[in-house]
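> Below is a structure I'd like to ask you about.
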Amino acid sequence: MTGSSGEDEGAQGAGRGAAGPFVAALLGLGEFACERLEPREDGSVSLQLRGGQGDWIEITASTAAAGRGHFGRCALSLRGQVSAARRAETAVAVERIGRAIDACLERAPAGCSIVRALAGPPREGSVVFGSEAVRAMLSPELGPGVRTTDGHRITVIEAEPNPRVMGDAPLRVSVQIGREGGGAPFAIVVEKRDERPAYARTAHLSMSHHGTGAGRASGAHTLCALIAFLLRLRDNPDVAMTFPGALAEVGLGATLDVDVFEWIPFAAGVKPALRHEVPYARVEELVQWLERRGFVAAVAEENRRTPDAVVYVARTLEGVRELASADAPIVQALPGSIPTPQLVRLQGRVGELLGYPACCVEAFTARVAREVHRRIGGGEAHEHFVAAEEAASRTSVFHGRLNDLLPQRAARLVSFFPCRYDCPAALAWADGVFAAIEAQAPRLARELGSALVGRMVIDVDGARGDAVSAAVEVLALEFDRF
Ligand SMILES: [Zn+2]
């Protein structure tokens, strides 16, 4: 039986902490799976173990009478057909759990209930829900590196990736469980408590299983039960827990459904309107979302410019109509056609309606008038190269806040071409956008802030970063401050 050597194998890293010996004993149960683990009102703990022979063991562990302060009683019931050998194994397992609880009680202040002893010192102050908070509640007993005797372990505790539209989805933390040498991974997802059916609930949280449950081995059940148990013990009902949105833990590397650098500042009121390109398949969902939020949207008809839909968004019907009508002749013009003076004027109007600084709009329309691929000194290049070269020629201090040259082009604070990389009006705009992003997506703001500073390269064909070609002219700019 694997459980006989389990205590040592499973104890790696789990022995520490208030519940350390208890967690280590359960991780080392081998063939037995801990299916349920419940703290009880009177401070005792009930456990339900399932053996591989269809046998069930129920244990209630409570402290001895007269405040002796250690594990005193274990009510045991066995169900199912159980061989004599299994009875002996069961006795060993129960004995081990009892000794582990005793060890936990010895670490705790005298007179503690089992539940209190396993919980450790109560957490105080306020808590912001997130992967850090979940990690803190499970540690030091459970975390990546701690494993069961059958090779199950927590692989990662992190926010669910790729939150959908604009981040008003709630933040959900996924505790992922995997097994060395394969087996389907699955997760316990922790989120703000609600009344939907759940695997387990704490004072503030609900937990559910995600992933395939089929063929899940005993150690996986035990880990799930332990995660739910520790969260229940340690989520102090007296503590105020706040729940940020899903964007709170999004980083720069995430693949997001929408351009958050546009949407967050718009929703925060920093941008007056948006001209947004999205795949046609997503338009309906987006428009519905906007309408629920009280915004107004319109989709460009007869768009010849992009394979995606052009969606205009504003706070009023008037605002959206104005933007759509100014932009209509622009999106209807064939790509590459010579811009007429009327189109140049309308480009300026669109920039103005989107709230862009007048000086930057003017610099842009001047390029549109002479054709956006024409360089200041003559010759042709990619539109982004031309704009960057021109802005750089007017710049004395290169500010990362205005850097629009990251390889991931959407990652920028200014959604227009700045007239210079130290344009005061553009810097003020960037400050507002950054503050809005910082408020909703602090990790993203931090990562973007450091990514925007440094040396940027773009070649005449518009390739950026590592993709620039050595065979063509490259513009390198050093953004030395944020
Ligand atoms: Zn400007």
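> Working from the alpha-carbon coordinates of the stretch 116-193, get Rg over Rh, Rh being the Kirkwood radius.
Working: Rg = 14.5 Å, Rh = 14.2 Å.
Expressed as Rg/Rh, it is 1.02.
> Looking only at GluC sites (Glu not before Pro) in DSSP loops with at most 16 other Cβ atoms within 10 Å, what is the longest site-free stretch of the chain?
So the longest stretch without any such site is 196-300.
> I've got another one for you. Can you tell me the relative contact order of the chain? Whole percent, Cα pairs under 8 Å, sequence separation 6 or more.
Numbers: 943 pairs, mean separation 51.9, N = 482.
Computed value for the chain: 11 percent relative contact order.
> Report, to the nearest 10°, how far helix 383-393 tilts away from the longest principal axis of the Cα atoms in the chain, using its own Cα long axis and a range of 0 to 90°.
Orientation of helix 383-393: about 80 degrees from the principal axis.
> Going by how many other beta carbons lie within 10 Å of each one, how would you line up Leu231, Leu256, fewest first?
On the way: Leu231 23, Leu256 20.
Ordered by Cβ neighbours within 10 Å, fewest first: Leu256, Leu231.
> For Arg201 and Arg36, compute 0.36 nm times the residue count separating them, minus their Cα-Cα distance, and round to one decimal in nm.
Details: separation 165, 0.36 × 165 = 59.40 nm, distance 1.31 nm.
Result for the pair: 58.1 nm of gain on full extension.
> Below 8 Å, C-alpha to C-alpha, sequence gap of six or more: please give me the relative contact order for the stretch 127-246 in percent.
Numbers: 215 pairs, mean separation 35.5, N = 120.
Answer for the stretch 127-246 is 30 percent.
> From the square roots a ≥ b ≥ c of the eigenvalues of the alpha-carbon gyration tensor of the stretch 299-439, which class results: rounded (a/c under 1.5), prolate (a/b over b/c), or oblate? Before the final figure, lay out the partial values.
Numbers: a/c = 1.78, a/b = 1.14, b/c = 1.56.
Oblate shape, in that a/c is at least 1.5 and b/c is the bigger or equal ratio.
> Okay, next question. If you take every residue apart from Gly269 with its C-beta less than 13 Å away from the C-beta of Gly269, what net charge results, scoring Lys and Arg +1 and Asp and Glu -1? Working shown, then result.
Values: positive: Lys271, Arg293, Arg315; negative: none.
Charge balance in the 13 Å sphere: +3.
> Tell me, what is the Rg over Rh of the stretch 180-286, with Rh the Kirkwood radius over Cα pairs? Intermediate results must be reported in sequence, preceding the final value.
On the way: Rg = 19.3 Å, Rh = 17.7 Å.
Rounded to two decimals, Rg/Rh equals 1.09.
> Another one. Rounding to the nearest 10 and keeping the result within 0 to 90°, find how far the Cα-based axis of helix 218-234 lies from the longest principal axis of the chain.
With rounding to tens, the tilt is 80 degrees.
> Moving on. Give the Debye-formula value of log10 I(q)/I(0) at each listed q (0.13, 0.14, 0.15, 0.23 Å⁻¹), with one equal scatterer per alpha carbon of the stretch 127-246, two decimals each.
-0.49, -0.56, -0.65, -1.41
> Based on the alpha-carbon set only, what is the convex hull volume of the chain divided per residue, in Å³? If you can, show how the numbers build up before the last one.
Details: hull volume 86.8 nm³, N = 482.
Spread over its residues, the Cα hull of the chain gives 180 Å³ apiece.
> Something else: If you take the beta carbon distance between Glu302 and Ala85 as r and set R0 to 56 Å, what does 1/(1 + (r/R0)^6) give as a FRET efficiency, to the nearest 0.05?
Values: r = 80 Å, r/R0 = 1.42.
Once rounded, the FRET efficiency stands at 0.10.
> Can you give me the angle between helix 424-440 and the longest principal axis of the chain, using Cα atoms only, in degrees from 0 to 90, rounded to the nearest 10?
Computed tilt is about 20 degrees.
> With both partners inside the chain, how many of the DSSP beta bridges are antiparallel, as a percent to the nearest 5?
Numbers: 60 of 63 bridges.
Bridges in the chain are about 95 percent antiparallel.
> Ignoring everything except DSSP H segments at least 4 long, calculate the 222 nm mean residue ellipticity for the chain; use -39,500 (n - 2.57) per segment, divide by total residues, nearest 500.
Values: 14 runs with 169 residues, N = 482.
Taken over the chain, the calculation gives -11000 deg cm²/dmol.
> Given 0.36 nm per residue, what is the gain on full extension from Glu438 to Ala333 after removing their alpha carbon distance, in nm?
Details: separation 105, 0.36 × 105 = 37.80 nm, distance 3.79 nm.
This chain segment gains 34.0 nm when fully extended.
No lab work stands behind these numbers, since they all come straight from the coordinates. Since the model is a prediction, treat every value here as computed from it, not as a measurement. Note: ideal-geometry Cβ built from the backbone for every residue, glycine included; neighbour counts use all protein chains shown.
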